[in-house]
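Taking it in order: structure first as structure tokens, then the write-up.
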Amino acid sequence: MAIKTRRFYSARKSCSCSMPGVWRAVAYMDGAVVVFHSPRACAHVARTMDINSQYRTLSENEREQWGSVPLLSSQMQEKDAIFGGVARLEKCLRFAIETYKPKCLMIANSCVAGVIGDDVESVAREVEEEYNVPILTVECCGFLGAEYYDGYFEITQKLLERFVKPCTKQKDSVLLLGDNGGPWGHYAKEVTRILQEFGVEVIGQFPGYMAMDELEKVAAAEYAVVLGGRGQTHIGLRKVAEQLQEKYGTHYLADIYPVGWQETQDWIISIGRMLGREQLAEQVLKLEQQRLSEQLQRFLPVTEGKKTVLCIGRILRYFHPGNILQTIRLLRLNLTGIILLDSYDGDEREAMLKVVQEKSDVPVYTTAEGEKLVAEADIVLTTHELQNKEARQIFLPMLPQVAIAGEVKMMQGIYQSLCSRLKGGVRYV
């Protein structure tokens, strides 16, 4: 029998709404208010996303440092889809300004507003002139020919154009670009910690986590570090970094996602090169190497020689096997086989197979061939949960944590699973 998984994640074409993207781009910018020109339910969905983010933060024993900005809905109804909803939007904008006294309003348009063709820009312009409060609108409308990142990056662009101006550079200052859980998230905290080793200060995280009054700091930063992963996020953030460099002379670091020890080394060396402090980068590397070595001494007595199987079902865009293969080598696990699951089409499977064979000489199996390997393994590292209840599984995250702290967390998950008296089960790292 072949190996069976509980579910597959397929990513041929994403399908998402642009309105939560607008919301997330400014969600913690004190002085802002977001208005959804939409039925009430759309705002509820965005708020649910925000609550889920807060739960995720709490699950990691962290807490958000600020409350999110007000999110309102024009509460379009059935009759508005027939006769138009501009009057309802105008009323909502007036209420938002008079109630919250914002320094800027952002309007996100729903599918309904896009289909009926409400002239949102005209309403925004009239209300802005009356109250002298900046109002930003976006062209994208919910699911109507747009996605989450269209909203996120369009409102980011509008903020840059409207509020960021040339100013004097602040020496040894860095701007973080992107979200990744905010300033209290793992990624931003690790970047901040490493930059402090170089004597450099993080002065903000854009967009989303700088107050409206602080947006001038965007141009004041000497450097920018992109908190990108892969795919659409990284492409969009890199464009923002390029724009900051072109208009304000802000040097930036992108294209390195420091997951695993090798990419962490490349990342630290690249930071040193960007800052012109290559010798200091060598010292930082030695400190990080020492941190990793100290942790390995704890794990190796348990992990060394344990039979391990790696199951891969994600496409290369979302999973690079080199990082986990290096972790396996550092822990001295005995990798008996790599199994490519049945979620691939022909081209995707061949692309992953090529990379796996470049990174390792371990035999590669199909799901039909790999069942016995899984049954005999001490631990299975997998991108998809297996239905085998007897197998000790480590679920490899879609968004792995970065730098040495992230690498140690992955190793600790493997170590703790091997120490457990329970034979089966899935551990999420």
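The values are calculated or read from the model by the stated rules, or taken from the named source; none is laboratory data. Predicted model, so just to flag it, every value in this text is computed and none were measured. Neighbour counts run over all protein chains shown; Cβ positions are idealised from the backbone, glycine included. Each accessible area value is taken on the protein alone, full model and side chains, heavy atoms only, with ligands, DNA and RNA left out. Shrake-Rupley method; radii C 1.70, N 1.55, O 1.52, S 1.80 Å.
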Notebook entry, point to check: Ignoring ligands, DNA and RNA, what percent of the accessible area of segment 210-309 is carbon or sulfur (1.4 Å)?
Noted result: 45 percent
Check: Once the other residues with Cβ under 9 Å from the Cβ of Asp172 are scored (Lys, Arg +1; Asp, Glu -1), what is the net sum?
Finding: -1
Item checked: Local electrostatic count at Ser18 - Lys and Arg +1, Asp and Glu -1, tallied over other residues with Cβ under 12 Å -> -3
Checklist line | Among Gly346, Gly21, Gly276: highest mean-square fluctuation, GNM of the chain, C-alpha pairs under 10 Å | finding: Gly346
Item checked: Residues of type aspartates and glutamates that Lys372 reaches as a straight line, Cα spacing below 14 Å, ignoring anything fewer than 8 places off in the same chain -> Glu390
Item checked: Reachable aspartates and glutamates, given that their alpha-carbon falls under 18 Å from the alpha-carbon of Lys389 and they are not under 8 places away in the same chain -> Glu371, Glu376, Asp378
Next item on the list: Provide the per residue accessible area, probe 1.4 Å, for the chain, rounded to a whole number of square angstrom.
Entry: 47 Å²
Next item on the list: Express in whole angstrom the spacing between the alpha-carbon centres of segment 110-152 and segment 395-429.
Entry: 44 Å
Check: Once you charge only the Cβ atoms, +1 for Lys and Arg and -1 for Asp and Glu, what is the size of the charge dipole of the chain about its Cα centre, to the nearest 20 debye?
Finding: 1340 debye
Next item on the list: Report the local net charge at Thr264: Lys and Arg +1, Asp and Glu -1, summed over other residues whose C-beta lies under 11 Å from its C-beta.
Entry: -4
Note to self: I want the antiparallel fraction of DSSP beta bridges within the chain, as a percent rounded to 5.
What the structure shows: 5 percent
Margin query: Nearest 500 deg cm²/dmol is fine: what mean residue ellipticity at 222 nm does the chain get from its DSSP H runs of n ≥ 4 alone, each adding -39,500 (n - 2.57), divided by its residue count?
Written below: -15500 deg cm²/dmol
Item checked: GluC sites (Glu not before Pro) restricted to DSSP loop in segment 362-397 with at most 13 other C-beta within 10 Å -> Glu390
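Which FRET efficiency, nearest 0.05, do Arg273 and Arg332 yield, Cβ-Cβ r, R0 35 Å?
Efficiency at R0 = 35 Å is approximately 0.65.
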Next item on the list: Past 28 Å, Cα to Cα, is the threshold; run Lys91/Lys217; Lys101/Lys217; Lys171/Lys286; Lys101/Lys239 against it and keep the listed order.
Entry: Lys91/Lys217; Lys101/Lys239
Next item on the list: Using the charge dipole of segment 266-419 (Lys, Arg: +1 at Cβ; Asp, Glu: -1 at Cβ; taken about the Cα centre), state which of Thr327, Val408, Ser343 has its Cα farthest towards the positive end.
Entry: Val408
